[in-house]
């Protein structure tokens, strides 16, 4: 039987790709071969652009009958594709080709073997994950709604991303964020905010950074939010509230030593349990929260700067995205 004889016309794949991130001729050949081997017809192809990161292309693919969309690019491309796929039955195939590839890392999928990622997209199993949704309000009153898969952040981490050089990021990858962080530090001041969790009473907080995580792992194996899982129906929040130089040392100790080393062993977890919690780092969970700041603050979604906001409502859309995982 020829390969084309077993092709199913009830399935159709589309590829939304960042042309800067992939070697297109080589990648097209790889995808075409994998589709044929798995019994899929020739995929549809859509390129992203500077002013179109992938939402429009994904909607076009859905309208054209796609039942699977491969997102080939970095975190921005994956987030854009997922935003358009959210709430549909169309599956997402992760083809990591960027600097962070955070969703793939958190799902423990390969970020270095491109051919394996392509094969998983066509022959993997469906896995439902949550999507974070952020409704943000600008200083002038305009409101927008966006999705995120890994983390949303307000304060220092958003300033760090806003200050990161795109040229340096292209050259050294996620390490460029460190340079952006160093440039952001002189202007960093604690953010005074009010927040409400799951419709409860309003509380106040002063923090350098507030991060809302659907996932918890950062590049370099840094486990920022240990309890965050992309399929548990809730969001985990992390507030960094250091006071002075030693406060920042406590933050680093908590994230790099306790989360990154001690939590990996039973003995280490017992040591953590015996210690008083670090006041410089606070964790809490929510399904739906609102945050209001007194002055406009930088905001980021999955490593993409989103400008300044004065208010945001963030909630979890449980199980609203289908991702192809290794069988």
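Assigned by TED's automatic domain parsing to the domain that holds residue 33 and either within 13 Å of the chain's Cα centre (by Cα) or surrounded by 23 or more Cβ atoms within 10 Å (Cβ to Cβ) (or both): is that true of residue 75 in this structure?
On the way: assigned by TED's automatic domain parsing to the domain that holds residue 33: yes; either within 13 Å of the chain's Cα centre (by Cα) or surrounded by 23 or more Cβ atoms within 10 Å (Cβ to Cβ) (or both): yes.
So residue 75 fits the description; yes.
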Subset of segment 2-21 [within 25 Å of residue 125 (Cβ to Cβ) and modelled with pLDDT of 95 or more]: 12, 13, 14, 15, 16, 17
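Taking strands (runs of 3 or more DSSP E) that do not extend beyond segment 181-220, which have at least 2 residues that are at pLDDT 90 or above and surrounded by fewer than 21 Cβ atoms within 10 Å (Cβ to Cβ)? So that I can check it myself, show each step before the final result.
Working: elements: 191-197, 203-207, 209-213.
Per the criteria, 191-197, 203-207.
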Residues that are over 17 Å from residue 71 (Cα atoms) and within 25 Å of the chain's Cα centre (by Cα), drawn from segment 31-50: none
Qualifying residues in segment 92-126 (those that are surrounded by fewer than 17 Cβ atoms within 10 Å (Cβ to Cβ) and out of contact with any helix residue (DSSP H, G or I) (no Cβ under 9 Å at 6 or more places or on another chain)) - the one modelled with the lowest pLDDT: 112
Every residue from segment 284-303 that is at pLDDT below 95, assigned to a strand (DSSP E or B) and crowded, with 17+ Cβ neighbours inside 10 Å: 297, 298, 299, 300, 301
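The values are calculated or read from the model by the stated rules, or taken from the named source; none is laboratory data. From a predicted model like this one, the values you see are computed outputs, not experimental measurements. All Cβ positions, glycine included, derive from the backbone under ideal geometry; neighbour counts span all protein chains shown.
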